Every structure is written in C-alpha cells, then in structure tokens.
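One structure is given here, and the rest of the page talks about it.
The values are calculated or read from the model by the stated rules, or taken from the named source; none is laboratory data. From a predicted model like this one, the values you see are computed outputs, not experimental measurements. When we count neighbours, we look across all protein chains shown, and the Cβ atoms used for this are built from the backbone with ideal geometry, even at glycine.
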Amino acid sequence: MTPSKSRQRQMAITNGCLVLPHALVTDRALLLRDGKILGFAAPDQIGAEFERVDAGGRYVTPGLIDIHTHGALGHSFNEPDEAAWEIITAENLRRGVTSLLATLGAGPMEELVACLALAREWKKKSHAGSQVLGVHSEGPFLNMDQKGAQDPRGIQSLEGGAAEKLLAYADVLTILTYAPEIPGALELTDRLRELGIVAAAGHSSACDSDVLAAYEHGLRHTVHIWSSQSSVIRAGPWRKPGLLEATLTMDGLTAEMISDNRHLPPTLMKLAYQCKGADRLCAISDASSAAGFPDGTRFGFEGLECEVTNGVAMLVDQTAFAGSTTLLNQMIPILTDVVGIPLVEAVRMASLTPARVIHADRTKGSLEAGKDADLVIYELDFQAWQVMVGGVWVAVDT
C-alpha cells in the first residue's frame, strides 16, 4: 500500500453518507483543498474547479484513530524495527485507521527505550502506513497482581528514578499507563502532567481512594475497562470500590473499551457506554501481534506463548486474554449492532473521542472544516473502499 504520487488540490466527495460528529448527512458533498477539509456544499453548488469523487452511497467517515494497539500480522511495536512497524501500520491503514499510537507492553527498559528512539526517528520521515502520532507505553510500572497478559519479567517498580528513562522521550511519549497505587505513583503523575503526557491508570489493584488521589495530581484516563482493573472488595462489613467503579463514575476520567465482543459481553459494553457516553469512552482494538490471523495460530506476545481461539488472542492455558485480533474498523458494527450505539456515536468513539484524549482534535478526528483530510469511504459493513491521508488517496488491497 503506497500513497498516490499526486495530491488533488480541490476535490468534492459526492453521493456519500457523511458521518459527522453529531449527524448523518446525505445531501451535501465534502469539499477538500490542499490536504485539508474545506467544508460542505450542495451537489448543484460545486464549482467546476473541483474534481468529483462519487462515494456511491457509502459511508464517508473521518479516519479512525486507535490509541491502544500493539501489533498485527505477526509483529508488535515492542520490536524496535522499522520493517515490523511498516507491516503493522500498513495493515491498520488498509482498514481505515489513519492514525494510531504505537503501543508498547511491559518489557526490559532497554527495549522500551529503543522503541521510543525509533518512534522519534519515525516521526521525522514519511511513511506509507497509518500515521504514528506517538507512543502509548502500557507499563512497565504496573501491579503484578493485575498483570493480565503483560510479561511479568518486564514489570518494574518506580524506585531509583526508573521512569526518567522513558520521560526523556516526552516528545513522542503520548500516554503512559501505570498502576496509581504503587509507591511513587503520585510523583510520577506530577511529572506526566508537567510534561504534557496523558497519565492513564491500568493493570491496577487500586482502591477508589488511590484513583482520587492520582486524579488530584493529574490522572485523566484509564485503559481497557474491566480488563486488569480492580473492582469492589469487602473489608469486614465495608465495601471498597476499585479502579473499575472509579472509572465508571468519575466524569473527569476518559476510558477505553476493547469492543471486539470477546473481551466484554454485550451487557458490560452497554454499561460502560451508559456510564461514560461516547465523548468519554474510546473504542480501542488492543490488537496483539496476532491481529489478522485465524483461529489456531500460535504466537509469542511480550514473552508469553499465546494462541488465537474463538476470534481472540489468549494465553495457551486460557487463563487470560492476550489482546484482540480485531482491528478498529471491525468494531464499529459491534458497537452499533450488538451494543446498540447510534452510528455517529460509534464512529466518534473511534475517531474524535480518542483524538481529544491525546489532544490531537484540533487537526484530527472529525469531518470539520480546517482539519486534515484524513478520511475513509467505507462499505456498509465497514470494510474500507477508499482511504485518504492528508488529502492523498492510498491504495487499499482488500
């Protein structure tokens, strides 16, 4: 998949169902100029200077943005290797994910630093796949009791200023996920706030009091709701809420949901949506290196032996999920058909809401005038028909 060599300076996308942040619009064309969204016009008001592209009644959406995705097609972002990143980003772009955060799992510090260094160099050059907006480091400062499929050998404490090795890459480190109850977490939260890095809670046994304390220091996001999140416990007659209950009830926290209909049953996805709403709940893939592989595929994930079973990645002993095998575009029909979320909100959960979480919404995430012309023309089943990044069409091999 490679970008076309020429950029159409002025283009009108007609005969599509435009998925705007709060409405579906079928009686307007989307106007583009020099890689940006210009605005909208009635079809009979489009000037001759605009090249027309007929969407054929398909959906026209903003490019999707996945802020939590580890890999695809046998590779992960924990590999500090450009060829691996090219494969992952190409597969995501083919699905209409025009931007993402390269998500790292817990691993040796030297490996994480090497991946951050690669991200820094990556952003200086042009690449054919999805745009890597930054890095989401999911760990390594996690609670071992909530490790899930994280490699326990990579989980570290915050002693001795270990976080500073990652924070040296604040220019590319967009989200850092950590357990807010571990020693040193509040000091880490202060540093993240100072550096403009999104502080996210996850793989945590926190009580709600731990979450509230971290929130006062700048915690603003939680990862994959219900997955590796503490829940209410009893201490004698007293019930103590955990990270899950804090996530569901705190208006100031945004959250993520793996929307593959495997990690969470419909009832829990509905509950998350009812509590958080489309403006505070992101759809994420949490895709593992097995994304795109069929059932029965064995693979290694962050040092662990895993297998694709029933459409999801699991540890071979089936004690924990190991990320999804479903990329973000495939989750939109699940959100609409299984969870019952209106289409405009489902798309918003996979585009504008994640853009807001990482403060990229001035240029990304919606079909609005002045934003980058990152968009997708989808078939009605949300297979990508055409994909555009920055006003340039890219080839889509279905």
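Name every residue in segment 341-387 that is under 16 Å from Met11 (Cβ atoms) and among the polar types (S, T, N, Q), in order of residue number. Scanning segment 341-387 gives a single hit, Gln386.
Residues in segment 174-225 that are of a type in the set (Val, Ile, Thr) and under 17 Å from the mean Cα position of the chain (by Cα) were compared, and the one that is surrounded by the fewest Cβ atoms within 10 Å (Cβ to Cβ) is Val198.
The strands (runs of 3 or more DSSP E) located wholly in segment 239-357 that include 2 or more residues which are more than 26 Å from His75 (Cβ to Cβ) occupy 254-258.
Would you say Thr309 is farther than 25 Å from Thr254 by Cα, among the polar types (S, T, N, Q) and at pLDDT 85 or above? Yes, satisfied. Scanning segment 38-89 for residues that are more than 17 Å from Leu112 (Cβ to Cβ), touching an Asp or Glu at 6+ places or on another chain (Cβ under 7 Å) and assigned to a strand (DSSP E or B) gives Pro62, Ala72. With respect to being of a type in the set (A, V, I, L, M) and outside any strand (DSSP E or B), Leu93 fits the description. Picking from residues in segment 134-164 that are in contact with a Leu (Cβ under 6 Å, 6 or more places away or on another chain) and assigned to a strand (DSSP E or B), the one that is farthest from Leu315 (Cα to Cα) is Gly134. Cβ-Cβ contacts under 8 Å between residues 6 or more apart (or on different chains), taken from a first residue in segment 201-217 that is assigned by TED's automatic domain parsing to the domain that holds Pro152 and charged (D, E, K, R) to a second residue that is surrounded by fewer than 24 Cβ atoms within 10 Å (Cβ to Cβ) and assigned to a loop (DSSP other than H, G, I, E, B), are listed as Asp208/Pro241; Asp210/Glu181. On inspection, Thr267 qualifies as closer than 25 Å to Pro333 by Cα and surrounded by fewer than 14 Cβ atoms within 10 Å (Cβ to Cβ). Applying the condition of being surrounded by fewer than 19 Cβ atoms within 10 Å (Cβ to Cβ) and in contact with a helix residue (DSSP H, G or I) (Cβ under 7 Å, 6 or more places away or on another chain) to segment 123-154 and asking which residue is nearest to Asn92 (Cα to Cα) yields Ala128.
All of Ser231, Ser259, Ser288 fail the test of being touching a Cys at 6+ places or on another chain (Cβ under 8 Å) and assigned by TED's automatic domain parsing to the domain that holds Gln146, apart from Ser288.
Can you spot a residue in segment 282-295 that is modelled with pLDDT of 95 or more, within 20 Å of Ala255 (Cβ to Cβ), among the hydroxyl-bearing types (Ser, Thr, Tyr) and surrounded by fewer than 21 Cβ atoms within 10 Å (Cβ to Cβ)? Scanning segment 282-295, I find no residue that is modelled with pLDDT of 95 or more, within 20 Å of Ala255 (Cβ to Cβ), among the hydroxyl-bearing types (Ser, Thr, Tyr) and surrounded by fewer than 21 Cβ atoms within 10 Å (Cβ to Cβ), so the answer is no. Selection within segment 16-32: residues that are touching a residue at least 60 places away in the same chain (Cβ under 8 Å) and in contact with a strand residue (DSSP E or B) (Cβ under 6 Å, 6 or more places away or on another chain). The member of this set that is farthest from Ile332 (Cα to Cα) is Leu32. Look at segment 258-273: where a residue is on the phi > 0 side of the Ramachandran plot and a partner is in a helix (DSSP H, G or I), sitting 6+ places away or on another chain with Cβ atoms under 9 Å, you get Asn261/Met269; Asn261/Met331; Asn261/Ile334; Asn261/Val338.
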